[in-house]
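Values quoted throughout were computed directly from the atomic coordinates according to the rules given, and no laboratory measurement underlies them. Computed from a predicted model, the values in this text were never measured in an experiment. Don't worry about glycine lacking a Cβ; one is built from the backbone with ideal geometry, like all the others, and counts go over all protein chains shown.
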Amino acid sequence: MYCIIQELELKKADKLGAYKQLAVDTNPFNRREFPQYGYHKTGERFERPIKKAYKISIHESKRVSGVVTKKQFVVTTANYYTFATDCFALGDLDDKIEPIVEKLNVDIDTVYEMLEKKIKPLQERIIAEFEKTEEYATSAKHREIIALYKKEKALFAEKYRCPDSEYDFCFNVFGELMNADYLETFKNGSKAWRSYLGQSVW
């Protein structure tokens, strides 16, 4: 029993490249008289020029009464960018691997180890290639901005003892102050905050 990975040429390019921009927007369902800021990814998508996919299959060769018999079971076919963006996971293929294991009458852990050993070097090589692209650099920058934004929201909520969504009425995803007056209500304490919203004080 062994694993074979066959490289295939695709006719069409992957059109789901990452968005090139991260933009500020506002919540259209907000009922307050001042905006609540959010964000979305927008603009053009990066082109993905590599037209490759990888067919992963399990093979078994046996000699029965002097005759060699071969069996082949396709596990999956994965796009180059599925590997590049680290979206490939063997655990997602349980429903395809388990029937193969039953037909071959082999230990399931052995099969997973065999697949992992064969797939891992390919995935590592593709990821290393992708990390040199502008698409990866831009996506990494966006993830960094969003991670910092979420961290600041949590700190804001802890500091002013309020829901973290209140941060979005003061700052945008880039940490830029959008509503200085509203921020002052937090600096003046929770009573001022509730009064500013026309609500009863705790």
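Can you list the GluC sites (Glu not before Pro) in segment 1-49 that are in a DSSP coil and have 16 or fewer other beta carbons within 10 angstrom? Write out the running numbers ahead of the final one.
Values: sites: 7, 9, 33, 44, 47; in loops: 33, 47.
Those satisfying the criteria are 33, 47.
So what are the ³J(HN,Hα) numbers for segment 49-62, from phi and the Karplus equation (6.51, -1.76, 1.60; θ = phi - 60°), rounded to whole Hz, Gly and Pro as x?
3J(HN,Hα) across segment 49-62, in whole Hz: x, 7, 9, 9, 9, 10, 8, 9, 9, 10, 10, 9, 10, 9.
Scan around residue 25 for amide H atoms under 5 Å from its own, H built in the peptide plane at 1.01 Å from N, and keep only partners 5 or more places away or cross-chain.
So residue 25 has HN proximity to 38, 39, 40.
Could you check which residue among 128, 18, 53 shows the biggest mean-square fluctuation in a GNM of the chain with a 10 Å Cα cutoff?
128
Measure nothing fancy, just the Cα-based angle from helix 134-160's long axis to the longest principal axis of the chain, in degrees from 0 to 90, nearest 10.
Computed tilt is about 40 degrees.
With θ set to phi - 60° and the Karplus curve 6.51 cos²θ - 1.76 cosθ + 1.60, what are the ³J(HN,Hα) couplings of segment 71-88 in order, to the nearest whole Hz, using x for Gly and Pro?
Those phi angles translate into 10, 10, 10, 7, 7, 5, 10, 10, 5, 3, 6, 5, 6, 4, 8, 6, 9, 8 Hz.
Please work out how much length the chain gains when fully extended from residue 188 to residue 131, using 0.36 nm per residue of separation minus the C-alpha to C-alpha distance, in nm with one decimal. Provide the component values of the computation, followed by the final result.
Values: separation 57, 0.36 × 57 = 20.52 nm, distance 4.61 nm.
Gain in length upon complete extension: 15.9 nm.
Once all Cα-Cα distances of segment 62-196 are split into 10 Å bins that start at 0, what whole-number percent is in each one?
10, 24, 16, 16, 15, 11, 5, 2, 1
Within 10 Å of each candidate Cβ there may be at most 10 other Cβ atoms; applying that plus a DSSP loop requirement, which chymotrypsin sites (Phe, Trp or Tyr not before Pro) in segment 1-103 survive? Display every interim value, and only then the final one.
Values: sites: 2, 19, 29, 37, 39, 46, 54, 73, 80, 81, 83, 88; in loops: 29, 46, 88.
When the chymotrypsin sites (Phe, Trp or Tyr not before Pro) of segment 1-103 are filtered for loop state and at most 10 Cβ neighbours within 10 Å, 29 remain.
Using Cα centres only, tell me the gap between segment 109-176 and segment 41-98 in whole Å.
Here the answer is 26 Å between Cα centres.
Using only the alpha-carbon atoms, how far is helix 94-104 inclined from the longest principal axis of the chain? Give it as 0 to 90 degrees, nearest 10.
Orientation of helix 94-104: about 20 degrees from the principal axis.
From zero up to wherever the largest Cα-Cα distance of segment 1-105 sits, split into 5 Å bins and tell me the percent of pairs in each.
Taking all Cα pairs of segment 1-105, the binned fractions are 2, 9, 13, 13, 11, 11, 9, 8, 7, 5, 4, 3, 2, 1, 1, 0, 0 percent.
Which value in nm describes the separation of the simple spin-label points at residue 12 and residue 105, placed 7 Å from the Cα toward the beta carbon?
The two pseudo-label positions are separated by 4.3 nm.
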